[in-house]
Amino acid sequence: MPEGAADSAAGDDARPGTFAAALALRGRHAVVTGSARGIGARTASELAGLGATVTLLDLNRVGAERTAETMRSEGHDARGFECDVSDEASVETAFALAASEAGSPDILVNNAGVSSFVPFFETTEADWDALVGVNLTGTFLCSRAVVATMREQGWGRIVNISSVAGKRGGGFLGRTPYSAAKAGVIGFTKALAREVAGDGVTVNAIAPGPMDTDMTQILRDDPVLLERIVSAVPLGRRGLPYEIADAVCFLCSGLGDYLTGETINVDGGVSME
Ligand SMILES: NC(=O)c1ccc[n+]([C@@H]2O[C@H](COP(=O)([O-])OP(=O)(O)OC[C@H]3O[C@@H](n4cnc5c(N)ncnc54)[C@H](O)[C@@H]3O)[C@@H](O)[C@H]2O)c1
């Protein structure tokens, strides 16, 4: 056991502060990728609601700036910058800007993602590279941009947004490159969690089920397909962005202190065994 650590038998189970206080993120700087809209925008907003200073990064610069502006009008400390998470130079530039404006990030939510509904035999290498580049390489590049300072400061939270497709091999809309990339995110999460566990940094993932966002616009246009998907969800509906944001907030707060390397299914029961 590391020096100074107490196991559960020896500890006195005294929570440092109240349950509600453990949720607070005041003084933390959170960076959320892919946050111009959807799950990322909602996550940025909820983290800010808990007191965090937030930086929104997105390929869509105008969208990131606009979402940050809306958050500022609600009294939050937020800024939005352009970033292509699959591009090393773009990631370095964006994270340097984020750090210069709001300090070293304490929290990183790797949320930026793209999906594809192309069947395997029609998938080109370019399709593969694009899907893996954003969903998996992006997670690596952005994590690399923050992990050294998190270790130095002895505290950090990284939450990676995977997918039910990464656990079940698709089944809903995501096909081979998407499923492979999202499964890769789960492996990445565990491996990085092990490497930084001794430094006060936790790394977890969330695997959403089918969500009602613009990414799945196809379902808004196809009621038959929507019904087929919803009927396979034990809770009988798609998830909403705030339901993923809530799980991210839990993991980033003091309530998540003893969790690392985990992938939490937030999927209406789809993955239950
Ligand atoms: N919608 C679903 O059903 C669902 C299910 C499981 C997992 N997810 C995952 O949740 C995350 C958020 O999904 P969403 O539904 O909110 O999607 P969305 O399409 O509504 O939003 C994704 C955001 O990521 C941004 N983005 C795309 N490529 C980028 C890049 N290279 N660099 C930076 N930003 C980029 C987009 O501009 C957009 O703002 C994704 O990782 C997605 O794979 C979604």
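The values are calculated or read from the model by the stated rules, or taken from the named source; none is laboratory data. None of the values given here were measured: they were computed from a predicted structure. Virtual Cβ from ideal backbone geometry, glycine too; neighbours counted across all protein chains shown. Keep in mind that these areas ignore ligands, DNA and RNA; they rest on the heavy atoms of the full protein, side chains included. Shrake-Rupley method; radii C 1.70, N 1.55, O 1.52, S 1.80 Å.
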- Message: Full-extension gain between residue 155 and residue 230, please, as 0.36 nm times their residue separation minus the C-alpha to C-alpha distance.
- Response: 23.1 nm
- region 64-144: GluC sites (Glu not before Pro) falling in loop per DSSP and having at most 13 other Cβ within 10 Å: 74
- Which value, in nm² and rounded to one decimal, describes the direction-averaged projected area of the C-alpha convex hull of region 149-263? 7.8 nm²
- Message: Given a 1.4 angstrom probe, what's the average accessible area per residue across the chain, in square angstrom?
- Response: 48 Å²
- Amide H contacts of residue 170 (H built 1.01 Å from N, under 5 Å, at least 5 apart or other chain): 165
- Gain in length, residue 77 to residue 129, computed as 0.36 nm per residue apart minus the alpha-carbon separation, to one decimal in nm? 15.2 nm
- Query: How would you rank 227-239, 256-268, highest first, on the average number of other Cβ atoms within 10 Å across their residues?
  - Reply: 256-268, 227-239
- Item | Amide proton proximity set for residue 267, modelled H, under 5 Å, gap of 5+ | 209
- Helix axis angle, 138-153 relative to the chain longest principal axis, alpha carbon, degrees: 0 degrees
- Item | Label-point separation in nm, residue 262 to residue 194, each point 7 Å along Cα→Cβ | 1.9 nm
- Task: Select from region 81-136 those chymotrypsin sites (Phe, Trp or Tyr not before Pro) which occupy a DSSP coil region and have at most 13 other Cβ atoms within 10 Å, ordered by residue number.
- Result: 117
- Efficiency by 1/(1 + (r/R0)^6): what FRET value for residue 272 and residue 96, r their Cβ-Cβ distance, R0 = 30 Å, to the nearest 0.05? 0.10
- Taking protein heavy atoms only, a 1.4 Å probe, and rounding to whole percent, the accessible area of the chain owed to carbon and sulfur comes out at 53 percent
- Task: Averaged over every viewing direction, what's the projected area of the C-alpha convex hull for region 109-213? Give it in nm², one decimal, please.
- Result: 6.5 nm²
- Message: What value in Å³ per residue do you get for the convex hull of the alpha-carbon atoms in the chain?
- Response: 144 Å³
